[in-house]
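*Asks:* Please see the structure below; I have some questions.
Here, each number is a calculation from the coordinates, and none is a lab measurement. This one's a predicted model, so the numbers in the text were calculated from it and none came from an experiment. Every residue, glycine as well, gets a Cβ built from its backbone with ideal geometry; the counts of neighbours run over all protein chains shown.
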Amino acid sequence: MQKSQYAGQCRGNSAAGFRSTPETGAPVLADSAAAFDCRIIDVANVDKHGVLFCRVVAALQEIGLCG
């Protein structure tokens with residue numbers, strides 16, 4: 001089994017420590033206090049960077065994680 005490094009934690013596999021968002025199924029850190037579930041609606045190239053323009057389809061908040 002290959003180990004993966006995510007957010008400073010070493011896990012036994014790449015899916016450990018993640019959960020899915022309700023709308024798109026995108027991965028979110030399981031211990032995150034908040035997350036936005038988005039769909040990309042446009043991409044613009046600015047200099048050497050790609051800028052993503054997204055529509056928020058769901059916002060997640062975990063009560064009690066921030067004190």
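*Asks:* Could you rank the peptides 19-28, 49-58 by their average count of other C-beta atoms within 10 Å per residue, with the highest value first?
*Replies:* 19-28, 49-58
*Asks:* Amide H of Cys54: which non-local residues (sequence gap of 5 or more, or other chain) have their own amide H closer than 5 Å, using H built in the peptide plane?
*Replies:* Ile41
*Asks:* Let me ask something else. Please state the relative contact order of segment 14-63 as a whole percent: Cα pairs under 8 Å, 6+ residues apart?
*Replies:* The normalised contact order for segment 14-63 reaches 32 percent.
*Asks:* Sticking with this structure for a sec: If I stretch the segment between Ser32 and Gln61 completely, what's the gain in nm (0.36 nm per residue apart, minus their alpha carbon distance), one decimal?
*Replies:* 9.6 nm
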